[in-house]
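The values are calculated or read from the model by the stated rules, or taken from the named source; none is laboratory data. Quick caveat: nothing in here was measured; it's all calculated off a predicted structure. When we count neighbours, we look across all protein chains shown, and the Cβ atoms used for this are built from the backbone with ideal geometry, even at glycine.
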Amino acid sequence: MTDFPQRVFSGVQPTGNLHLGNYLGAITKFVDLQKTHECLFCVVDLHAITVPQDPVALKSSIREVTAAFIASGIDPVKHIVFNQSQVSVHAELAWVLNCVARIGWMNRMTQFKEKAGKDREAASIGLYAYPVLMAADILAYRATHVPVGEDQKQHLELARDIAQKFNTDFAASIAANGLGEVFFPQPEPLIQGPATRVMSLRDGSKKMSKSDPSDNSRINLADDADAIASKIRKAKTDPEPLPSELAGLAGRPEADNLVGIFAALKGETKQQVLATYGNANFSTFKGALVDLAVASLGPIGAEMQRLVADPAHIDAILCDGAERARAIAQPTLDHVKDILGFVRQTSL
Ligand code: TRP
């Protein structure tokens, strides 16, 4: 087996505001991974347009996700932060992989069925091919580790199947081109478990979501201290004080969610939180949660505001990231072209 250097790739869609769920579920994991791995973090704008986007909102959303990465502690100098559409390798490799992936495989993708809804005939072909583009994102860098949410697990399995089929279909050509035995690695998912699932502040049974019509249901990363405090104070609760044991959270989704958020922000387990706040009433606990959330999220929101106020600076970061991403991805695509038998311009 070929040994591939460890490399992390992940993508976040620039569609709507980032909220606490994205932060605790994904971005904090990215921040941790950059301590141990070489990382690429991509704002996947090509994925965003698989459903209609307002161009003005899309542009500010791309900059906002970039600002959120940086404000949260991702280092765009040591690692690579860029937007997908600036590196045309993604689209080109996706086309090649469209010809590797089978329709039978694509028809099993559950997220397409959910997103396309009842009128599947009216969905874009891009929405259908979305998981192949995601495979191209990962494979262009021959990434070995991919932090994603539970909902993306099936897409990652597809990426592995596509990599495997490419490796076996073209085994002879890969070898003949002096590229070893295995061209693409099998990317490993790093799945964020249900422990970091952040639920709506208005309904503990629903995931915190950017598409919830009530802004009070979520804490946006760009919210200032007043907004954070007011949303937590208004968060739905039940009449009982907090339990002192984990088992006491069963059947109390709102209490469970607030304890979970506290634990994640503090870097503690829920049991540890309950050891401190067991038997406390919600007004006491919410007061502590407001202090904690404002202390940890307030500076991120402020830094995001500062960054988005200077779009030229963000654009320069994205441009530099794209250049460095291209330097890794272009040789992969060149090899793929050789493997396929395309004639290409070699260095003049
Ligand atoms: N589909 C992912 C999501 O919605 C985003 C994404 C696009 C991604 N390309 C990727 C994630 C590559 C990991 C790796 O969450």
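Tell me which residues, restricted to the range 21-33, are more than 15 Å from the ligand (Cβ to nearest atom) and either crowded, with 23+ Cβ neighbours inside 10 Å or in a loop (DSSP other than H, G, I, E, B) (or both).
none
Quick grid of which residues meet (1) acidic (Asp, Glu); (2) farther than 20 Å from VAL336 by Cα:
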{"site": "VAL96", "(1), (2)": "no, no"}
{"site": "CYS99", "(1), (2)": "no, no"}
{"site": "ARG102", "(1), (2)": "no, no"}
{"site": "GLU114", "(1), (2)": "yes, yes"}
{"site": "ALA122", "(1), (2)": "no, yes"}
{"site": "TYR128", "(1), (2)": "no, yes"}
{"site": "PRO147", "(1), (2)": "no, yes"}
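For the range 306-348, name all the residues that are closer than 17 Å to VAL96 by Cα, hydrophobic (A, V, I, L, M, F, W, C) and part of a helix (DSSP H, G or I). I'd like the intermediate steps shown before the answer.
Looking only at the range 306-348, we keep the residues that are closer than 17 Å to VAL96 by Cα, and these are 329-344.
Okay, now just the ones that are also hydrophobic (A, V, I, L, M, F, W, C), so 329, 333, 336, 339-340, 342-343.
Answer for the range 306-348, where residues must be closer than 17 Å to VAL96 by Cα, hydrophobic (A, V, I, L, M, F, W, C) and part of a helix (DSSP H, G or I): ALA329, LEU333, VAL336, ILE339, LEU340.
What is the residue count in the range 50-62 for residues that are assigned to a helix (DSSP H, G or I) and under 23 Å from TYR141 (Cα atoms)?
Quick first cut of the range 50-62, residues assigned to a helix (DSSP H, G or I) only: 55-62.
Checking the rest, the ones that are also under 23 Å from TYR141 (Cα atoms) come to 62.
The total comes to 1.
Only one of (1) part of a helix (DSSP H, G or I); (2) within 25 Å of GLY301 (Cβ to Cβ) fails for LEU46. Which number is that?
Result: LEU46 fails condition (2) only.
What's the number of the only condition in (1) within 15 Å of the ligand (Cβ to nearest atom); (2) without any contact (Cβ under 8 Å) to a residue 60 or more places away in the chain that ALA176 fails to meet?
(1)
Pick from ALA329, ALA322, ALA293, ALA316: which is of a type in the set (A, V, I, L, M) and surrounded by fewer than 17 Cβ atoms within 10 Å (Cβ to Cβ)? Before you say what the answer is, go through the steps one by one.
On the way: ALA329 fails: surrounded by fewer than 17 Cβ atoms within 10 Å (Cβ to Cβ); ALA322 fails: surrounded by fewer than 17 Cβ atoms within 10 Å (Cβ to Cβ); ALA293 fails: surrounded by fewer than 17 Cβ atoms within 10 Å (Cβ to Cβ).
Checking each option against the conditions leaves just ALA316.
Looking at the range 145-160, is at least one residue in contact (Cβ under 8 Å) with a residue 60 or more places away in the chain, part of a helix (DSSP H, G or I) and surrounded by 13 or more Cβ atoms within 10 Å (Cβ to Cβ)?
Of the range 145-160, the ones in contact (Cβ under 8 Å) with a residue 60 or more places away in the chain are 145-149.
Retained after the next criterion (residues that are part of a helix (DSSP H, G or I)): none.
No, because not a single residue in the range 145-160 is in contact (Cβ under 8 Å) with a residue 60 or more places away in the chain, part of a helix (DSSP H, G or I) and surrounded by 13 or more Cβ atoms within 10 Å (Cβ to Cβ).
Within the range 103-121, track down each residue that is in contact with a helix residue (DSSP H, G or I) (Cβ under 8 Å, 6 or more places away or on another chain) and either in a helix (DSSP H, G or I) or among the small types (Gly, Ala, Ser) (or both).
Answer for the range 103-121, where residues must be in contact with a helix residue (DSSP H, G or I) (Cβ under 8 Å, 6 or more places away or on another chain) and either in a helix (DSSP H, G or I) or among the small types (Gly, Ala, Ser) (or both): TRP105, MET106, THR110, GLN111, PHE112, LYS113, LYS115, ALA116, ARG120.
Given the criterion without any contact (Cβ under 8 Å) to a residue 24 or more places away in the chain and closer than 22 Å to SER72 by Cβ, identify the matching residue among ALA250, ALA227, ALA264.
Values: ALA250 fails: closer than 22 Å to SER72 by Cβ; ALA264 fails: without any contact (Cβ under 8 Å) to a residue 24 or more places away in the chain.
Going through ALA250, ALA227, ALA264 in turn, just one is without any contact (Cβ under 8 Å) to a residue 24 or more places away in the chain and closer than 22 Å to SER72 by Cβ: ALA227.
I'd like to know if the range 195-205 contains one or more residues that are more than 16 Å from the ligand (Cβ to nearest atom), acidic (Asp, Glu) and touching a residue at least 24 places away in the same chain (Cβ under 8 Å).
Here is the first cut: in the range 195-205, the ones more than 16 Å from the ligand (Cβ to nearest atom) are 195, 199-205.
If we keep only those that are acidic (Asp, Glu) as well, we get 203.
Those left that are additionally touching a residue at least 24 places away in the same chain (Cβ under 8 Å): 203.
The answer is yes; a qualifying residue exists.
Please state which of the following conditions PHE166 fails to meet, knowing it meets all the rest: (1) away from the ligand (no atom under 11 Å from the Cβ); (2) surrounded by 19 or more Cβ atoms within 10 Å (Cβ to Cβ); (3) modelled with pLDDT under 95.
(3)
Filter the range 136-158 down to the residues that are within 8 Å of the ligand (Cβ to nearest atom) and small (Gly, Ala, Ser), then identify the one that is nearest to GLN84 (Cα to Cα). Break it down into steps so the answer makes sense when it comes.
Step one: list which residues in the range 136-158 are within 8 Å of the ligand (Cβ to nearest atom), which gives 137-138, 143, 146-149, 151-152, 155-156.
With the extra rule that they be small (Gly, Ala, Ser), the set shrinks to 143, 149.
Working: ALA143: 15, GLY149: 19 Å.
The qualifying residue nearest to GLN84 (Cα to Cα) is ALA143.
Among (1) touching a strand residue (DSSP E or B) at 6+ places or on another chain (Cβ under 6 Å); (2) farther than 30 Å from ASP334 by Cα, where does ILE62 come up short?
Against the list (1) touching a strand residue (DSSP E or B) at 6+ places or on another chain (Cβ under 6 Å); (2) farther than 30 Å from ASP334 by Cα, ILE62 comes up short only on (2).
Given (1) within 24 Å of THR28 (Cβ to Cβ); (2) without any contact (Cβ under 8 Å) to a residue 60 or more places away in the chain, identify the lone condition not met by VAL290.
Checking VAL290 against (1) within 24 Å of THR28 (Cβ to Cβ); (2) without any contact (Cβ under 8 Å) to a residue 60 or more places away in the chain, the one that fails is (2).
Report the residue count in the range 40-72 for those that are under 21 Å from VAL146 (Cα atoms) and either within 16 Å of the ligand (Cβ to nearest atom) or surrounded by fewer than 17 Cβ atoms within 10 Å (Cβ to Cβ) (or both).
Total satisfying the criteria: 14.
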